[in-house]
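The values are calculated or read from the model by the stated rules, or taken from the named source; none is laboratory data. Computed from a prediction, not measured in an experiment: that's the story for all the values here. Here the Cβ positions follow ideal geometry from the backbone for every residue, glycine too, while neighbour counts run over all protein chains shown. Protein only, heavy atoms only, side chains kept; ligands, DNA and RNA dropped before computing areas. Shrake-Rupley method; radii C 1.70, N 1.55, O 1.52, S 1.80 Å.
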Amino acid sequence: MSRGRTTSDRAAAAVTANLASRPYRVSPPVVLTAAELAARGGVLPVWADPMAMADETEVDRLQERRLYAGLAAAIAVVVLLWTVRALVM
Amino acid sequence: MTDVLPDLPGLGRDVLVGVFLLFVGFGAIPVLAGLAQFLLIPVHAVRNHYRETGPYLPNVAVLVPAWNEAAVLTASVERLMALDYPPDRLRVFVVDDASTDDTPAVMARLADRFPGRVVHLRREKGGEGKAHTLNHGLREILADDWMEALLIMDADVIYAPESLRKMTRHLADPTVGAVTAYIREGSEDTRGVTRFIGFDYLAAQAASRRAQNVAGAMACLAGGAQLHTRENLEAIGGQIDTSSLAEDTVTTFRTQLAGRRVVFEPHARVLAEEPAGIDALWKQRLRWARGNVQITSMYRHLWFRKSVHPGLGGFFFGIFWFAILLLPVAMLLTSIGLVGLYLLDSDLAASVFGAAVFVPVATFVFMVTMTISVDPRVGLKVWKEALLFPGAVSFAVLIGATFPPLVPGSAGDSSGWTLFVYSWLVLCVPMAFLVRKLELTRWGRRLAPIGLYLVGFGPMMCAITVDAYLKEFRGAAMTWDKTEKTGRVMA
């Protein structure tokens, strides 16, 4: 069996390149009537405010940094176990 | 020296030693792959898709396959209607797969309460499996051009209010074809099986899928939380695969092979009800494991061939995939290798084991620590199950092997302990089969959870993989053993 690219593989690569050149998808702005806003206690929902959605994404992005704490803890435990093992062996 | 076979002729002995060392080396591959995977997870802090998202709120059709789900549908649909998402851009389609319980009546009430937003689609002939049920709904939904994105979910899952918009934001990027969410065990039951599943979901979903985001290839969109663009669904044929037991994995592979990305969104949280007993768990996971065996064969042209797909065909993805699929084989070979070396040259066996044992220990520490760190709230509730994931016996073996002076009698003749340690790697798999059998007996039902803690959840998953090999080899019927749902997820 040939290990080269098949026609369908080339087609998939072409799709990827084509998609990457397209503009971002946008949805029509959300229009909230006064009555709808009143039903929500006057509080604008996050989905009606693009800035609030961007802030939410930024919070989630920054929250991923806690993975560094997991990495630091893992390294610390491994080093501790190695040290204890070296001492008792 | 306690060599049992010290008098073998030179060359034959050397060849055997070489073979046994190769076996041990092969057994180390899944461990190293696991370590590599857990080392990738922190990279998600910098290599993620957040900078490529946008405030995108498409018209979303939610497709819910349901067969006798009356107990859970009301809560699920109410939660969907309460999602923090523009109400006029969300419709729910429940495909009732010829249910024989109160599902039609429940759906009629829900359709009345939410006119135009909740649609009941009924199949008169059911029982063909989830993929056929989904396809029935897909045909209806694709016939109308209202839908811009489709969320496929299970009837029992509960979405956190903000979860849908956290998923749709990734679809703003035109290269993304599908997004999946973080499914969490939702009942928070205190039973051992449920707690093990809680940890397993943390490791397999929240942790492992972050690594797959970093690696640029996703193994599987969670069946209960997969959001597709309309364009992607049409590109993969507008139908869900019905030829395997892993239709969600096939959809995931097709999406990526058709040139689109699949993204995991860890902050979109979805609660799911999981099996509360070992036998029910076994049936569910057997279906998944058989599906993975089928996928391995279905996509045999793909593995380790970057030219076919840079992510799925990449070296690391292939290693991760086969590390799980071939784990029982690796455990068997490691045991044979260590016991064989022990019989030929016990000192060499001890040196190899002593030199290698810290690798699984480090991998285990990384697995537990990184997994708990991705969701500390859940992780700290199931930390005991995290430590006992390989089983209490294996945990004791790891401690004993890491700190030999702690093992009573290790200074004297410890051949019994040594042989036990070398062979437990493979013995734990048939023991897991016995634990399942134990649960099915009247007197053993209470003992089975203790057996699970002793043998471990990990070895049980290996035993299920072995069962999957056997069933696929025998060509056993692909039955859809539905997990019974009782509506325990009400968080």
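Select from segment B:255-300 those trypsin sites (Lys or Arg not before Pro) which occupy a DSSP coil region and have at most 10 other Cβ atoms within 10 Å, ordered by residue number. Working shown, then result.
Details: sites: B:R260, B:R261, B:R269, B:K283, B:R285, B:R287, B:R290, B:R300; in loops: B:R260, B:R300.
The qualifying sites are B:R300.
Ignoring ligands, DNA and RNA, how do B:F315, B:F353 rank by accessible area with a 1.4 Å probe, largest first?
Details: B:F315 130, B:F353 50 Å².
Descending accessible area places them as B:F315, B:F353.
Could you put B:R165, B:R191 in order of accessible surface area, largest first, with the 1.4 Å probe and the full protein assembly present? Could the numbers behind the result be given before it?
Working: B:R165 10, B:R191 120 Å².
Listed by decreasing accessible area, they come as B:R191, B:R165.
If I ignore ligands, DNA and RNA and count only protein heavy atoms, how much of B:V352 is accessible to a 1.4 Å probe, in Å² to the nearest 10?
B:V352 exposes around 30 Å² with every protein chain in place.
Where in segment A:38-58 does accessible area fall by at least 10 Å² between the isolated chain and the complete protein assembly, at a 1.4 Å probe radius?
With the partner chains in place, segment A:38-58 has these residues losing at least 10 Å²: A:R40, A:V46, A:W47, A:P50, A:M53, A:E56, A:T57.
Under 8 Å for C-alpha pairs, at least 6 residues apart: give me the relative contact order for segment B:1-133, rounded to a whole percent. Intermediate values should be presented prior to the final figure.
Working: 118 pairs, mean separation 27.5, N = 133.
Relative contact order for segment B:1-133 comes out at 21 percent.
From the Cα gyration tensor of segment A:7-88, with a ≥ b ≥ c the square roots of its eigenvalues, which class applies: rounded if a/c is under 1.5, or else prolate if a/b is larger than b/c, or else oblate?
Working: a/c = 5.59, a/b = 1.48, b/c = 3.79.
The shape class here is oblate.
In whole Å, what is the distance between the alpha-carbon centres of segment B:366-391 and segment B:294-319?
What the calculation gives is 30 Å, centre to centre.
Would you compute the Debye intensity of segment B:241-310 from its alpha-carbon atoms alone, equal scatterers and no solvent, and pass along log10 I(q)/I(0) at q = 0.21, 0.23, 0.26 Å⁻¹ to two decimals?
Results for segment B:241-310 at q = 0.21, 0.23, 0.26 Å⁻¹ read -1.05, -1.11, -1.17.
Return the Rg/Rh value of chain B, two decimal places, where both radii are evaluated on C-alpha atoms and Rh is the Kirkwood radius.
Rg/Rh: 1.01.
Just how much of B:W146 is accessible, in Å², when a 1.4 Å probe is used and the result is rounded to the nearest 10?
Only protein atoms counted, so the area is about 50 Å².
Please report the relative contact order for segment B:50-285, taking Cα pairs under 8 Å with a sequence separation of at least 6, and give it as a percent rounded to a whole number. Don't jump to the answer; show the numbers that get you there.
On the way: 465 pairs, mean separation 59.7, N = 236.
Averaging sequence separation for qualifying contacts and normalising by length gives 25 percent for segment B:50-285.
For B:K306, go through the aspartates and glutamates and keep the ones whose alpha-carbon is under 17 Å away, minus same-chain ones fewer than eight residues off.
A:D9
Which order do A:E56, B:E265 take by accessible area at a 1.4 Å probe, largest first?
Working: A:E56 35, B:E265 0 Å².
I get A:E56, B:E265, largest accessible area first.
Indicate the gyration tensor shape class of segment B:134-206 (rounded, prolate or oblate), computed on the Cα atoms with a ≥ b ≥ c the square roots of the eigenvalues: a/c under 1.5 is rounded; otherwise a/b larger than b/c is prolate and the rest oblate. Each step should come with its number before you reach the end.
Working: a/c = 2.81, a/b = 1.83, b/c = 1.53.
Here segment B:134-206 falls in the prolate category.
Using the Cα atoms as the points, what is the convex hull volume per residue of the protein assembly as shown in Å³? Let's see the in-between values first.
Values: hull volume 98.8 nm³, N = 580.
About 170 Å³ per residue, rounded to a whole number.
At 1.4 Å probe size, with no ligands or nucleic acids counted, give the accessible surface of B:R47 in Å², nearest ten.
Roughly 130 Å² of B:R47 is accessible to a 1.4 Å probe.
Can you bin segment B:50-285 into rounded, prolate or oblate? Criterion: square roots of the alpha carbon gyration tensor eigenvalues sorted a ≥ b ≥ c, rounded for a/c under 1.5, prolate for a/b above b/c, oblate for the rest. Show your work: numbers first, answer last.
Working: a/c = 1.35, a/b = 1.06, b/c = 1.28.
Rounded is the answer for segment B:50-285, as its axis ratio a/c remains below 1.5.
Return the subset of B:K437/B:K471; B:K283/B:K471; B:K381/B:K437; B:K130/B:K283 for which the Cα-Cα distance in this structure is over 23 Å, preserving the input order.
On the way: B:K437/B:K471 17 Å; B:K283/B:K471 12 Å; B:K381/B:K437 28 Å; B:K130/B:K283 15 Å.
In this structure, B:K381/B:K437 lie more than 23 Å apart at Cα.
Kindly provide the Kirkwood hydrodynamic radius of segment B:327-403 in Å, to one decimal, from all pairs of distinct alpha carbon atoms. If you can, show how the numbers build up before the last one.
On the way: mean 1/r = 0.0713 Å⁻¹.
Taking the inverse mean of 1/r over all distinct Cα pairs, segment B:327-403 comes out at 14.0 Å.
What chymotrypsin sites (Phe, Trp or Tyr not before Pro) in segment A:24-89 are in a loop by DSSP, with at most 14 other Cβ atoms within 10 Å of the Cβ? If you can, show how the numbers build up before the last one.
Values: sites: A:Y24, A:W47, A:Y68, A:W82; in loops: A:Y24.
Sparse-neighbourhood loop chymotrypsin sites (Phe, Trp or Tyr not before Pro): A:Y24.
For labels at B:F403 and A:L62 in the simple 7 Å Cα→Cβ model, what's the distance in nm?
4.1 nm
May I ask for the longest run of chain A untouched by trypsin sites (Lys or Arg not before Pro) that are loop-located per DSSP and have at most 12 neighbouring C-beta atoms (other than their own) within 10 Å? Kindly include the intermediate steps, with their values, before the conclusion.
Working: sites that count: A:R3, A:R40, A:R65.
The longest uninterrupted stretch comes out as A:4-39.
Report the relative contact order of chain B, percent, no decimals, based on alpha-carbon pairs under 8 angstrom and at least 6 residues apart. Walk me through the numbers on the way to the answer.
Working: 848 pairs, mean separation 106.6, N = 491.
Taking the mean separation of contacting Cα pairs over the length of chain B, I get 22 percent.
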